[in-house]
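*Asks:* Before we start, here is the structure in question, set down as structure tokens.
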Amino acid sequence: MRIVIPYRVIEENTECVKEYDEWYPYADNLEYEFSVDDVKIDYSDLEDIVEEYLDDILEILQKRYKKKLSELKKADSGKF
């Protein structure tokens, strides 16, 4: 999975420290918080996530969306 961090976030949280004749980047806090709206997932990454967590996804669907799933199943069976 590829994660892109905007350069401004890095610039605002990183500074350089000079030791002898060389500059070294230094960051106080390497943990960044982003909202869900800031995240973009590629389709291939989504497939990997679903493949890895399929059992958990199915369990959530069965618990929270049981009624909706049964409605979809009835609608599907009516087509044939």
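*Asks:* So in the stretch 28-59, with the set limited to residues that are more than 30 Å from Leu69 (Cβ to Cβ) and within 11 Å of the chain's Cα centre (by Cα), which one is modelled with the highest pLDDT?
*Replies:* Going through the qualifying residues, I end up with Asp38.
*Asks:* Give the stretch 33-76 a look and list any residue that's over 26 Å from Ile5 (Cα atoms) and among the β-branched types (Val, Ile, Thr), or say none.
*Replies:* So the first thing to find is which residues in the stretch 33-76 are over 26 Å from Ile5 (Cα atoms), and the list is 54-76.
Scanning the stretch 33-76 gives Ile57, Ile60.
*Asks:* Of (1) in contact with a strand residue (DSSP E or B) (Cβ under 9 Å, 6 or more places away or on another chain); (2) modelled with pLDDT of 80 or more, Pro25 satisfies all except one. Which?
*Replies:* (2)
The values are calculated or read from the model by the stated rules, or taken from the named source; none is laboratory data. Just so you know, these numbers come straight off a predicted model, no measurement behind them. A quick note on method: Cβ atoms are made from the backbone with ideal geometry, for glycine too, and the neighbour counts reach across all protein chains shown.
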